[in-house]
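So the structure is just underneath, and the comments pick up after that.
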Amino acid sequence: MSPSKILKTGCKLFLLTLAGLLLYFNASFYYSPNFEDASNGTYNEDVYHQLQHLKGKMHAGAASDMQRLFPEGHLFMNALYGLAWADFAAPISATVSEREQPLLTEAHHEIDWALAEMDSPNGRRIFQEKLPLPYGAFYRGWSNYLRAKQLEVTASDDRSPTAKARLQADCDAIANAFGTTEGPYLESYYGGTWPADNVLAIASLVAYDRTFSTYRYKKTVAEWLAKVQVNLDKKTGLIPHIWFPDQPAQSARGSSQSLMLCLLPEIDPTFAKEQFALYEQHFVTTRLGLPGIREYPAGVDESGDIDSGPVIWGIGGAASVVGQRAAAANGQEDLYLGLRNSLEAFGAAHTLFGEKKYLFGQLPMADAFIAWGNAVEQGPANGRYPKPWGIHLVSLLFLVLLGWLIRKL
């Protein structure tokens with residue numbers, strides 16, 4: 001075969017490969033997770049495969065690697081990893097005891113491992129102990145929320161008195177700190193206050209009361225909500241991104257709104273509903289028929305930063321990834337499915353050898369956030385899918401172009 005024929009054949013194979021990848025990309029918008037029955041408890045098999053991928057990464061030091069890329073990478077990775085395991089375990093724990101279910105044993109082992117990492121000197125290294133709430137709202141919020149969620153998915157007879165005492169002591173410390181501050185928010189770091197971290201801390205108090213059927217922190221939560229509701233962002237009516245006691249708060253942003261709206265329904269469903277309606281008004285949008293979450297309110301055009309991740313065509317990377325879980329938590333199924341399946345397609349999701357990864361596993365932080373978002377789905381859905389007609393139309397035009405090029409070769 002002549003060199004020119006070899007070149008033409010290679011070009012055709014390349015173009016056919018592109019066409020195949022484009023078809024696979026479009027098919028990904030019709031993804032549904034697989035669910036397995038485990039002794040009467042149904043679990044999300046796809047999330048389990050995600051967690052198997054993350055398990056290898058985490059035990060190989062992924063959290064420390066992420067710390068070199070993100071300011072709180074170590075804590076974020078361990079918290080999200082543990083929370084995804086807790087949500088994965090929830091439907092099984094409702095029907096099967098830990099003694100009878102190896103999956104629960106694995107889940108609790110991994111949550112214990114994540115908590116130990118967070119409690120380690122390396123886990124606390126960047127957080128300041130000498131704050132009104134020692135180590136700050138970010139560290140205490142995420143770590144305490146994970147402790148609460150673990151006990152919530154533990155059978156009452158199996159709950160360790162030591163673990164309960166630790167959780168209660170940490171909850172008391174958080175409640176006491178809120179009780180001694182004038183404003184609605186505690187510092188995350190010295191001189192820096194992020195409301196989203198405080199929402200996590202409050203959610204951990206609510207989770208304690210829910211798990212142990214008490215009203216121990218009801219007053220603290222009610223007082224906090226009252227302060228929050230009179231200190232909203234005046235432009236949007238939403239909780240601000242950053243809080244400054246003596247100056248105007250920074251306007252609401254999609255990344256922090258998505259995170260807070262994952263948790264607000266647990267704290268106060270009525271307030272969460274009001275906030276989500278405003279979130280939809282200012283941040284939820286579409287591109288080529290697909291939903292996305294803006295990083296900045298409609299009409300504001302700014303670039304991304306460490307909080308937002310990449311901002312492309314106004315759509316925030318972090319806002320949209322976390323927005324998937326926020327949509328589910330607030331009962332917005334169509335938005336949830338659209339965001340979930342967009343991540344499947346654009347994230348090049350694939351499962352190989354029992355491990356599911358996104359972006360070819362090159363950014364474990366993204367895998368951790370997506371696992372936490374996917375873990376909210378704990379039973380088969382109703383078979384509905386997004387309608388990405390814009391993407392299909394653009395893809396069709398590319399396929400026609402590829403077909404024309406192949407014929408010309």
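The values are calculated or read from the model by the stated rules, or taken from the named source; none is laboratory data. Quick caveat, the model's predicted, so the values are computed rather than measured. Neighbour counts run over all protein chains shown; Cβ positions are idealised from the backbone, glycine included.
Below are the figures for this structure:
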item	result
Among (1) closer than 17 Å to Ala137 by Cα; (2) part of a helix (DSSP H, G or I); (3) within 21 Å of the chain's Cα centre (by Cα) - the single one Thr220 does not satisfy	(3)
Selected residue (criterion: surrounded by the fewest Cβ atoms within 10 Å (Cβ to Cβ)) from residues of the range 276-312 that are in a loop (DSSP other than H, G, I, E, B), under 19 Å from the mean Cα position of the chain (by Cα) and touching a residue at least 24 places away in the same chain (Cβ under 8 Å)	Ile306
Failed item in (1) loosely packed, with under 14 Cβ neighbours inside 10 Å; (2) within 18 Å of Pro386 (Cα to Cα), with Arg325 passing the rest	(1)
Conditions (1) touching a Pro at 6+ places or on another chain (Cβ under 9 Å); (2) surrounded by fewer than 20 Cβ atoms within 10 Å (Cβ to Cβ); (3) closer than 30 Å to Phe398 by Cα: number failed by Glu45	(3)
Within the range 339-362, tally of residues that are assigned to a loop (DSSP other than H, G, I, E, B) and surrounded by 18 or more Cβ atoms within 10 Å (Cβ to Cβ)	3
Residue that is in contact with a strand residue (DSSP E or B) (Cβ under 9 Å, 6 or more places away or on another chain) and either in the same structural domain as Val322 (by TED's automatic domain parsing) or in a loop (DSSP other than H, G, I, E, B) (or both), where the choices are Thr42, Thr95	Thr95
Test set (1) of a type outside the set (Phe, Trp, Tyr); (2) surrounded by 18 or more Cβ atoms within 10 Å (Cβ to Cβ); (3) in contact with a helix residue (DSSP H, G or I) (Cβ under 8 Å, 6 or more places away or on another chain) - Pro91 fails condition number	(3)
Which listed residue is touching a residue at least 40 places away in the same chain (Cβ under 8 Å) and in contact with a helix residue (DSSP H, G or I) (Cβ under 9 Å, 6 or more places away or on another chain), from Ala148, Ala116	Ala148
Lone unmet requirement of (1) of a type outside the set (Val, Ile, Thr); (2) under 25 Å from Asp367 (Cβ atoms); (3) not in a helix (DSSP H, G or I) for Asp37	(2)
Options Ser97, Ser39, Ser32, Ser4: the member that is at positive phi and at pLDDT below 90	Ser39
Flag for Ser64 being among the polar types (S, T, N, Q) and at pLDDT below 85	no
Residue that is surrounded by the most Cβ atoms within 10 Å (Cβ to Cβ) [pool: residues in the range 158-189 that are over 26 Å from His241 (Cα atoms) and in contact (Cβ under 8 Å) with a residue 12 or more places away in the chain]	Leu167
Index of the failed condition, Asn374 passing every other in (1) modelled with pLDDT of 90 or more; (2) farther than 27 Å from Ile111 by Cβ	(2)
Odd one out for Ala366 among (1) surrounded by fewer than 24 Cβ atoms within 10 Å (Cβ to Cβ); (2) modelled with pLDDT of 90 or more; (3) outside the structural domain of Thr42 (by TED's automatic domain parsing)	(3)
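One line per residue, one yes/no per condition, for (1) aliphatic (A, V, I, L, M); (2) in the same structural domain as Leu225 (by TED's automatic domain parsing); (3) touching a Gly at 6+ places or on another chain (Cβ under 6 Å):
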| site | (1), (2), (3) |
| --- | --- |
| Ala107 | yes, yes, no |
| Lys130 | no, yes, no |
| Leu146 | yes, yes, yes |
| Leu186 | yes, yes, no |
